[in-house]
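A.B. asks: Have a look at the structure that comes next, please.
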Amino acid sequence: MIEVQGLTKRYGRKVAVEDLSFTVQPGVVTGFLGPNGAGKSTTMRMILGLDRPTSGIALVDGRPYRELRAPARHVGALLEARSIHSGRNARNHLLALAATHGVSTRRVDEVIDLVGLREVAGKRAGGFSLGMGQRLGIASALLADPSTLILDEPVNGLDPEGIRWIRDLLRGLAAEGRAILISSHLMSEMALTATHLVVIGRGRLIQETTVEQFVRAASSSRVHVRSPQAAEFAELLAQAGATVSFSPATAGNPATRAVSSIPPQLTISDSIEVAGLPVERIGDLARAHGITLYELSPRLASLEDAFMDITRDAVEFATATPSTRGGNR
């Protein structure tokens, strides 16, 4: 179990983490989400005693990491898969770790098989691919059979089979009663792996909730509308304060465009998506202005949609919108 209480970390005038509190419960895979620069890695480092907090405290099984008598048996971590001696083979790397924690050779062989490295266990780790390095890092985290796992981007570099494997592994470990904190930028994978979420931005807690509740809250503000008068209706909705985008069926792709770019002529099958107005208000507007509707339905948001919505104002490194005009490059 992990308990973060009022955690703050400052680097001079820069506040990396500010008054952050959350709990990672046993038996649950908790997704740790946030934009780049949100403070996720700094928080993980403070939990593991690698960075000293300016204020606040982080506890693993009720104690600060530095006070754990056998820390590897309480928490296994993967923060950087490449933090290995490149001249050692995979098995010797794990044997060296095992010797410092009183772990048996038999356990080393067990985790090698568990992560699928049996065929390359005798090869130098410096020649491993990114995916193989990730598997070795996960083996290191699991070596002492800890009750808690902290994994930073564990699916990075894994192929589809490897991604499914780590997903099933984490679910299985949680079912055994372990507390698991996992960060990832792959929202689709997080939606399939985690059941609980901790979302931060600019070092502060934005939301701590379940995946289901997080997605449901985002879905309630999105409505799919189909109408032969889609362009006209989009303008009316925008005037009422809604955010409108559309995806012409004739285009054959799901890319949305802003309401200002709607062409004067739309086919009868064109549809729009509306955010910021409840479905009842949208229906009332259509009736009041004589708009024919073919479809009016709440849209189930993806985890990625929900994440983008809730962290929109917490993005530190925003990407500029590509220009469609020519000019200097």
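A.B. asks: Yes or no: region 75-89 includes at least one residue that is assigned to a strand (DSSP E or B) and of a type in the set (Lys, Arg).
C.D. replies: No, region 75-89 has no match at all.
A.B. asks: Just name the residue that is modelled with the highest pLDDT out of those in region 269-291 that are assigned to a loop (DSSP other than H, G, I, E, B) and surrounded by 12 or more Cβ atoms within 10 Å (Cβ to Cβ). Break it down stepwise before answering.
C.D. replies: Step one: list which residues in region 269-291 are assigned to a loop (DSSP other than H, G, I, E, B), which gives 269-270, 276-278, 289-291.
Now drop any that are not surrounded by 12 or more Cβ atoms within 10 Å (Cβ to Cβ), which leaves 269-270, 276-278, 291.
On the way: Ser269: 45, Asp270: 79, Gly276: 84, Leu277: 88, Pro278: 87, Ile291: 95.
If we take residues in region 269-291 being assigned to a loop (DSSP other than H, G, I, E, B) and surrounded by 12 or more Cβ atoms within 10 Å (Cβ to Cβ), then Ile291 is modelled with the highest pLDDT.
Listed here are the residues, each with its yes/no results for (1) at positive phi; (2) buried (at least 17 other Cβ atoms within 10 Å of the Cβ); (3) more than 18 Å from the chain's Cα centre (by Cα).
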position: Leu33; (1), (2), (3): no, yes, no
position: Met44; (1), (2), (3): no, yes, no
position: Asp51; (1), (2), (3): no, yes, yes
position: Pro71; (1), (2), (3): no, yes, yes
position: Ser86; (1), (2), (3): no, no, yes
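A.B. asks: Looking only at region 1-15, count how many residues are in a strand (DSSP E or B) and either closer than 17 Å to Leu205 by Cβ or in contact (Cβ under 8 Å) with a residue 40 or more places away in the chain (or both). It would help to see each step written out before you state the result.
C.D. replies: From region 1-15, those in a strand (DSSP E or B) are 2-11, 14-15; that's our starting set.
Adding the requirement that they be either closer than 17 Å to Leu205 by Cβ or in contact (Cβ under 8 Å) with a residue 40 or more places away in the chain (or both) leaves 2-10, 15.
Count: 10.
A.B. asks: Looking at Pro248, Pro254, which is the one that is at pLDDT below 90, surrounded by fewer than 14 Cβ atoms within 10 Å (Cβ to Cβ) and farther than 30 Å from Lys9 by Cβ?
C.D. replies: Unique residue meeting the criteria: Pro254.
A.B. asks: Of all residues in region 115-131, how many are assigned to a helix (DSSP H, G or I), surrounded by 15 or more Cβ atoms within 10 Å (Cβ to Cβ) and at pLDDT 90 or above?
C.D. replies: Pass one, region 115-131, residues assigned to a helix (DSSP H, G or I): 118-120, 125-127, 130-131.
If we keep only those that are surrounded by 15 or more Cβ atoms within 10 Å (Cβ to Cβ) too, we end up with 120, 125, 131.
Applying the additional criterion that residues be at pLDDT 90 or above yields 120.
Residues meeting the conditions: 1.
A.B. asks: So how many residues does region 130-167 have that are more than 17 Å from the chain's Cα centre (by Cα), farther than 19 Å from Met1 by Cβ and not hydroxyl-bearing (Ser, Thr, Tyr)? Break it down stepwise before answering.
C.D. replies: From region 130-167, those more than 17 Å from the chain's Cα centre (by Cα) are 130-148, 159-162, 165; that's our starting set.
Subset that is farther than 19 Å from Met1 by Cβ: 130-140, 143, 159-162, 165.
After this cut, where a residue has to be not hydroxyl-bearing (Ser, Thr, Tyr) as well, the list is 130-139, 143, 159-162, 165.
Result for region 130-167: 16.
A.B. asks: Which one of Leu117, Leu78, Leu68 is over 30 Å from Tyr11 (Cα atoms) and either without any contact (Cβ under 8 Å) to a residue 24 or more places away in the chain or in contact with a Leu (Cβ under 7 Å, 6 or more places away or on another chain) (or both)? Talk me through it step by step, then tell me what you get.
C.D. replies: Working: Leu78 fails: over 30 Å from Tyr11 (Cα atoms); Leu68 fails: over 30 Å from Tyr11 (Cα atoms).
That would be Leu117, the only listed residue that is over 30 Å from Tyr11 (Cα atoms) and either without any contact (Cβ under 8 Å) to a residue 24 or more places away in the chain or in contact with a Leu (Cβ under 7 Å, 6 or more places away or on another chain) (or both).
A.B. asks: Still on this structure, please answer the following. If a residue has to be in a strand (DSSP E or B) and either touching a Pro at 6+ places or on another chain (Cβ under 7 Å) or surrounded by 22 or more Cβ atoms within 10 Å (Cβ to Cβ) (or both) to count, how many in region 223-235 make the cut? Give the steps one after another, and end with the answer.
C.D. replies: Step one: filter region 223-235 for residues in a strand (DSSP E or B), giving 223-226.
Next, only the ones that are either touching a Pro at 6+ places or on another chain (Cβ under 7 Å) or surrounded by 22 or more Cβ atoms within 10 Å (Cβ to Cβ) (or both) stay: 223, 225.
So the count comes out to 2.
A.B. asks: While we're looking at this one, here's another question. If you go through region 16-41 one residue at a time, how many are more than 21 Å from His196 (Cβ to Cβ) and not in a loop (DSSP other than H, G, I, E, B)? Explain how you work it out, then say what you get.
C.D. replies: Keep residues of region 16-41 that are more than 21 Å from His196 (Cβ to Cβ), which gives 16, 18, 36-37.
Next, only the ones that are not in a loop (DSSP other than H, G, I, E, B) stay: 16, 18.
Total satisfying the criteria: 2.
A.B. asks: Can you pull out the strands (runs of 3 or more DSSP E) entirely within region 151-211 that have at least 3 residues that are of a type outside the set (Asp, Glu) and farther than 14 Å from Gln25 by Cβ?
C.D. replies: Values: elements: 179-183, 196-201, 204-210.
In region 151-211, 196-201, 204-210 are the strands (runs of 3 or more DSSP E) which contain 3 or more residues that are of a type outside the set (Asp, Glu) and farther than 14 Å from Gln25 by Cβ.
A.B. asks: Of the residues Val28, Val17, which is under 23 Å from Phe307 (Cα atoms), touching a Leu at 6+ places or on another chain (Cβ under 8 Å) and in the same structural domain as Ser188 (by TED's automatic domain parsing)? Steps first, please.
C.D. replies: Numbers: Val28 fails: touching a Leu at 6+ places or on another chain (Cβ under 8 Å).
The match here is Val17.
A.B. asks: Yes or no: region 293-315 includes at least one residue that is in contact with a Gly (Cβ under 9 Å, 6 or more places away or on another chain), modelled with pLDDT of 65 or more, over 30 Å from His185 (Cβ atoms) and in a strand (DSSP E or B).
C.D. replies: So far as region 293-315 goes, yes, one or more of its residues are in contact with a Gly (Cβ under 9 Å, 6 or more places away or on another chain), modelled with pLDDT of 65 or more, over 30 Å from His185 (Cβ atoms) and in a strand (DSSP E or B).
The values are calculated or read from the model by the stated rules, or taken from the named source; none is laboratory data. Being a predicted model, the structure only gives us computed values, none of them experimental. Note: ideal-geometry Cβ built from the backbone for every residue, glycine included; neighbour counts use all protein chains shown.
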